[in-house]
Structure formats: C-alpha cells, structure tokens
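A.B. asks: Have a look at this one.
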C-alpha cells in the first residue's frame, strides 16, 4: 500500500528560480528606464516587496511561487518607485500603462 501524497503541480511559468526572477526584474527595469542598485530576495511576513530610498529593491521569496502576471505587477510596482516615490495619480497611470500590454509574460 502506497502512502504517496498526490501533488498538485503548478504551471512552470508560476515557479521560477531566483536568478530567473532577477532577470525578469532587470528586463522590466530596462523597459521602464530605471537602474536598481541592488535586487534582494528574502522572506517577508507582511508584504510582497519594498523599495529603499537608495535604490535597493527587496522582494519576498514567496513571489517565486506566484503566477507570472502577479510577479510582473509586484516588479513594476517597485521599479516605478525609483521614478515616483508615492502612489499618486502619476504612479497609478504608469502602473496601468506598463501592465495593460498583452506582452507582459
């Protein structure tokens, strides 16, 4: 009798290694026209990502297990903070402009 558990498989595009995720961040950075000083991954309890005033981006390691579209939203959000430090109208318009394209993934 087998005691194997049935695994629920996630689509491969929803599971990415850290180096691929960082490549996604850099591809978006190029598209947006910003240059993060550092990209870090670590477990974060209360948020998906953060951007420091000196250009360091920190992303929650749990993003590596999220769908590609969700990862893109988190990445674009933090990269835009390198241009716009708040969540005002300009920030919201830029988010919409970058994420409304069908070529996100």
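Bear in mind these aren't lab numbers, they're just calculated from the coordinates by the rules spelled out. What you see is a predicted model; the values in this text were computed from it and never measured. Note: ideal-geometry Cβ built from the backbone for every residue, glycine included; neighbour counts use all protein chains shown.
A.B. asks: Only one of these conditions is not met by residue 16: (1) in a loop (DSSP other than H, G, I, E, B); (2) surrounded by 18 or more Cβ atoms within 10 Å (Cβ to Cβ); (3) free of Cβ contacts under 8 Å to residues at least 24 places away in the same chain. Which number is it?
C.D. replies: Status for residue 16: all satisfied but (3).
A.B. asks: Find the residue count for the range 19-42, including only residues that are closer than 16 Å to residue 80 by Cβ and assigned to a strand (DSSP E or B).
C.D. replies: Looking only at the range 19-42, we keep the residues that are closer than 16 Å to residue 80 by Cβ, and these are 24-37, 39.
Of the ones still in play, those that are also assigned to a strand (DSSP E or B) are 39.
The total comes to 1.
A.B. asks: Moving to a separate point now. Of everything in the range 43-91, what is over 23 Å from residue 16 (Cβ atoms), without any contact (Cβ under 8 Å) to a residue 40 or more places away in the chain and either surrounded by fewer than 13 Cβ atoms within 10 Å (Cβ to Cβ) or under 13 Å from the mean Cα position of the chain (by Cα) (or both)? Give them in sequence order.
C.D. replies: Selection gives 53, 54, 85, 86, 87, 88, 89, 90.
A.B. asks: Out of the range 45-68, which residues are touching a strand residue (DSSP E or B) at 6+ places or on another chain (Cβ under 6 Å) and assigned to a loop (DSSP other than H, G, I, E, B)?
C.D. replies: The answer is 48, and nothing else.
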